[in-house]
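Chemist: Pasting in a structure now, in structure tokens, and then I'll have a few things to ask.
The values are calculated or read from the model by the stated rules, or taken from the named source; none is laboratory data. Fair warning: this is a prediction, and the values are worked out from it, not measured in the lab. Neighbour counts are summed over all protein chains in view; Cβ atoms, including those assigned to glycine, are modelled from backbone coordinates with ideal geometry. Ligands, DNA and RNA are excluded from the accessible area calculation, which covers all protein heavy atoms including side chains. Shrake-Rupley method; radii C 1.70, N 1.55, O 1.52, S 1.80 Å.
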Amino acid sequence: MKQTALLIIAFITFSCTQAQKTSFSKEALSEKLLTLEGDQTSFKSILKKYKGKTLVIEVWASWCGDCVKAMPKVKELQANNPDVSYLFLSADKTADKWKIGIEKHELKGDHFMMNDGMKGVFGKAIDLDWIPRYIIIDKTGKIVLYRAIETDFDKINETLKSLKQA
């Protein structure tokens, strides 16, 4: 009986954490991120810039091996989807390492850095448990893909393709 109850609790917990969200929480939207110029801006303000556009968000860090390994796929994604906007959110520990990473990997798009890393307030608010992490937002501002990682490029490509046809 105990094992069955634990199994049910584990299933519900896993199912809820893997749920597809269609919008960001108030905590995520109000969280401040660092700009390349050294200013602070809210995530909500950043997202406003993309109103009416399809947006791919990548959460990454320069120290992350899987992130670096996925860079060619991201560049391919950008080449195949030039009408899509790209937003890179870094979990780097210092602004210097973040900026060096952007330059080194020639990342094209807009860039912001989380103030407290992967496990901080913003990371928790977007359920960040792995990087690189990809989130896709459609032209209406709705999240259409909430949790994708570097092994999910087929899913990312399919999602972008379906949005072109919509």
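Chemist: Past the 19 Å Cα-Cα mark, which pairs from LYS49/LYS139; LYS44/LYS139; LYS44/LYS161?
Modeler: LYS44/LYS161
Chemist: Still on this structure, I have one more. Leaving out ligands and nucleic acids, note down the accessible area per residue over the range 43-120 with a 1.4 angstrom probe, in whole Å².
Modeler: Dividing the accessible area of the range 43-120 by its residue count gives 51 Å².
Chemist: Shifting gears a bit: Please sort by residue number the GluC sites (Glu not before Pro) in the range 45-131 whose DSSP state is loop and whose Cβ has at most 13 other Cβ atoms within 10 Å.
Modeler: Those satisfying the criteria are GLU106.
Chemist: For the chain, with only Lys/Arg (+1) and Asp/Glu (-1) charged at the beta-carbon, what is the dipole magnitude about the Cα centre, in debye rounded to 20?
Modeler: That gives a dipole near 420 debye.
Chemist: Take every DSSP beta bridge whose two residues both sit in the range 12-105, then give the antiparallel share in percent to the nearest 5.
Modeler: Around 35 percent antiparallel, to the nearest 5.
Chemist: Could you check the simple spin-label distance between GLU76 and LYS142, using points 7 Å along Cα→Cβ, in nm with one decimal?
Modeler: With each label placed 7 Å out from Cα toward Cβ, I get 3.0 nm.
Chemist: May I ask what percent, to the nearest 5, of DSSP beta bridges between residues of the range 39-158 are antiparallel?
Modeler: Taking every DSSP beta bridge with both residues in the range 39-158, the antiparallel ones total about 45 percent.
Chemist: Oh, and also: Calculate, axis by axis, the spread of Cα positions in the range 16-106 along the three principal axes, and write the results as whole Å, longest axis first.
Modeler: Here the Cα extents, ordered largest to smallest, are 33, 31, 29 Å.
Chemist: Here is a follow-up. Which angle from 0 to 90°, rounded to the nearest 10, does the C-alpha axis of helix 65-80 make with the longest principal axis of the chain?
Modeler: 70 degrees
Chemist: If I ignore ligands, DNA and RNA and count only protein heavy atoms, how much of ASP127 is accessible to a 1.4 Å probe, in Å² to the nearest 10?
Modeler: Near enough 50 Å² of accessible area.
Chemist: Starting from 0.36 nm per residue, how many nanometres of slack lie between GLN20 and ASP83 once their C-alpha separation is accounted for?
Modeler: 20.2 nm
Chemist: Relative contact order, percent, of the chain when contacts are C-alpha pairs under 8 Å separated by at least 6 residues?
Modeler: Dividing the mean separation by the residue count of the chain yields 28 percent.
Chemist: Continuing with the same structure: For the chain, I need the span (max minus min coordinate) of the C-alpha atoms along each principal axis, in Å, sorted largest to smallest.
Modeler: Its Cα atoms span 57, 39, 30 Å along the three principal axes.
Chemist: Now a separate question. Using only Cα atoms, tell me the angle between helix 95-105 and the longest principal axis of the chain; keep it within 0 to 90° and round to the nearest 10.
Modeler: Approximately 80 degrees, to the nearest ten.
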